[in-house]
Every structure is written in C-alpha cells, then in structure tokens.
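Visitor: So that we are looking at the same thing, I have put the structure below in structure tokens.
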Amino acid sequence: MSSALDLFRLDGRVALVTGGDKGLGQGIAIALAQAGADVAVVSRSGNATATLESIAAAGRRGVALTADLSSIASIDRIVGETLVQLGRIDILVNNAGIIRRAPAVDYEWNDWRAVIDVNLDAVWALCQAVGRLMIAQGRGKIINIASLLAFQGGIRVPAYAAAKHAVAGVTKALANEWAHLGVNVNAIAPGYMVTDNTQALRDDPERSRQILERIPAGRWGVPGDLAGAAIFLASSASDYVHGHVLVVDGGWLAR
Ligand code: NAD
C-alpha cells in the first residue's frame, strides 16, 4: 500500500544541481540522491568527489560536470552531457552563486557584472534550456536558490540583492507560464548558513554576533537544513506549488 510519504520519493528521477561540489548545493545534491534521484553535479572546479561519494553511498548515480557559469556558453553543453550520461532531466536546482561585498559608492562594475552573470543570467539561461525539455516531457521541477536578499537589501552587497530579487521574480514569471504545462518553478530562500559564502561575516565577531542575535532558532543554518525543502519542491509532494519562494531561515524574516 502506498503512503503519503511516497509522494516525496524521487526514485527514477534525474537532477541537475549547479554548484554541487560544496556548501548548500552539496547538501541539496546529497539529499536528492538519498530520496532516490541520480544527480549531475555541476561545479566550476569539476572536483565534486565528496558529493559523488555520498551520492554513491545512497545507492544512486552521480556524475561531475565542469562549467564556468559566469558565461552562458556552457549551458547547452552541461544540459547535453546530463542527457547523455543520465538520460533525462526531471529536476533542476540553480544553486551556484557568488557574493562580492563593497560599499555601493565604491562598487566596481566588474563585481556587479560577475555577480549578475552567475547569480541571474546563468539561472535564467538554465531555466530556459531545461524548461524546454521539461515542457516537452510534460513534467519537471525547477528550484532556484534565492536568499533573504530576495526580500531585503542587505549590507554592502547591492549586486547580490539585485540578482536575488530578480531570481524571485523570474521564478514567479516562469511559474505563471509553465504551471499548466506540468512544470513547477519555485525557489528556496535560505537564511544565514555556514558555508564559504558567509565566511567573511562569521570572521567578523561584531557582524556574526548581530546576525546570531536576530535568528529566532538561535543558530546559523547548515546545508542539511535545506534537505526537506529541496526534496519537497523536487517531488510530487509539491505538484500544486508554483511560484513560491520557500524561506528556510530559522525565523529571521519573522522577526
Ligand atoms: P559556496 O561558496 O559554498 O558555494 C557556491 C557554489 O557555487 C560552489 O559550488 C561553486 O562551485 C559554485 N559557483 C560559483 N561560481 C561559479 C561559476 N562561475 N561557475 C560554476 N559554479 C560556480 O556558497 P553557498 O552558500 O553554498 O551558496 C550556494 C547558493 O546559496 C548561492 O546561490 C548563494 O547565493 C545562496 N545562498 C547562500 C546563503 C548562505 O548563507 N550561505 C544564504 C542565502 C543564499
């Protein structure tokens, strides 16, 4: 007899996760594999050994793909390589992202462009390329990784805030067009999580203390905290959820 929990199973599905070699993307890639998916792990380094070991330990297939997502030139290649190696794409997680910090008056154009290139342009291009496949197969799940800075302005990170607001906007725009075609487009907005992305904040005792004081859960998040949200949005359990930005922040925004 099937149970409601079977809605969350991902057996036979194939996921493409960008930035899956470390941090939040690694946590998401492993969670999807533990729920039953095979996973193509895209990273700039191409060294996703630790992630692939955990995927194999879950009894699933993982493949590592190398791509510099600061240019959309690699998009068609990584989609094609995933299809060749794993046969299909049912789940896309646009997780790769960078952050550059500087006061707005000094913010360099190169930093603005670099952040927009990876955090927005590559997200859009992958949504479009994989979305076409999903529409053709009548089914698919796209999960874009946004941020609290899809809702707030942040401090000294104007390009990041702009890109993450735009990711939330693109998520909703695509959901409007694709929901009736069987493709779910949603986002996860993580709070303050312990990864390389936030190393500079945690190295600053004053900022670190201020951030921690505002988190009702009383701790920073870790990659495993996104597992439930990622499996939910990747699975049939979320079939009627479209254009949602799911906040996983230990209560930060409720404050
Ligand atoms: P991280 O620095 O640990 O990982 C970033 C990932 O992006 C790496 O896997 C890296 O390979 C990939 N990447 C970066 N530039 C790339 C490029 N040019 N081409 C291909 N891959 C590239 O950081 P993280 O915290 O794990 O960040 C993952 C996502 O989560 C990002 O989109 C980030 O904005 C978002 N996020 C993080 C936090 C947090 O507190 N850590 C909060 C909200 C949102």
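Visitor: Highest mean first, how do 87-94, 134-141 rank when packing is the count of other Cβ atoms within 10 Å averaged over residues?
Guide: So the peptides 87-94, 134-141, ranked by packing, come out 87-94, 134-141.
Visitor: Next question, about the same structure. Using Cα positions and a limit of under 23 Å, work out the lysines in reach of LYS172, with same-chain residues fewer than 8 apart set aside.
Guide: Qualifying lysines at Cα under 23 Å: LYS141, LYS164.
Visitor: Can I ask one more? Would you mind putting 120-127, 201-208 in packing order, based on average other-beta-carbon counts within 10 Å, highest first?
Guide: 120-127, 201-208
Visitor: Enter the Cα centre distance for the pair the stretch 164-227 and the stretch 36-68, rounded to the nearest angstrom.
Guide: About 22 Å separates the Cα centre of the stretch 164-227 from the one of the stretch 36-68.
Visitor: To continue, here is another question. Take each of the peptides 219-227, 10-18, 180-188, average the number of other beta-carbon atoms within 10 Å over its residues, and list them starting from the highest.
Guide: The peptides rank, most packed first, as 10-18, 180-188, 219-227.
Visitor: Spin-label point model (7 Å from Cα, Cβ direction): what's the ASN176 to ASP106 distance in nm?
Guide: Label-label distance for ASN176 and ASP106, simple model: 4.0 nm.
Visitor: Ok, one more. Quick one: what do you get for the stretch 25-99 if you divide its Cα Rg by 2.2 N^0.38 Å?
Guide: 1.03
Visitor: Still on this structure, please answer the following. Please state the Cα pair-distance histogram of the chain with 10 angstrom bins from zero: what percent is in each bin?
Guide: For the chain, the binned pair fractions read 8, 32, 38, 18, 4, 0, 0 percent.
Visitor: Obtain the radius of gyration and the Kirkwood radius of the stretch 17-67 from its C-alpha atoms and give Rg over Rh.
Guide: The Rg/Rh ratio comes out at 0.91.
Every number here is computed from the coordinates shown, using simple stated rules; none is lab data. Quick caveat: nothing in here was measured; it's all calculated off a predicted structure. Cβ sites come from the backbone with ideal geometry, for glycine too, and all protein chains shown count toward neighbours.
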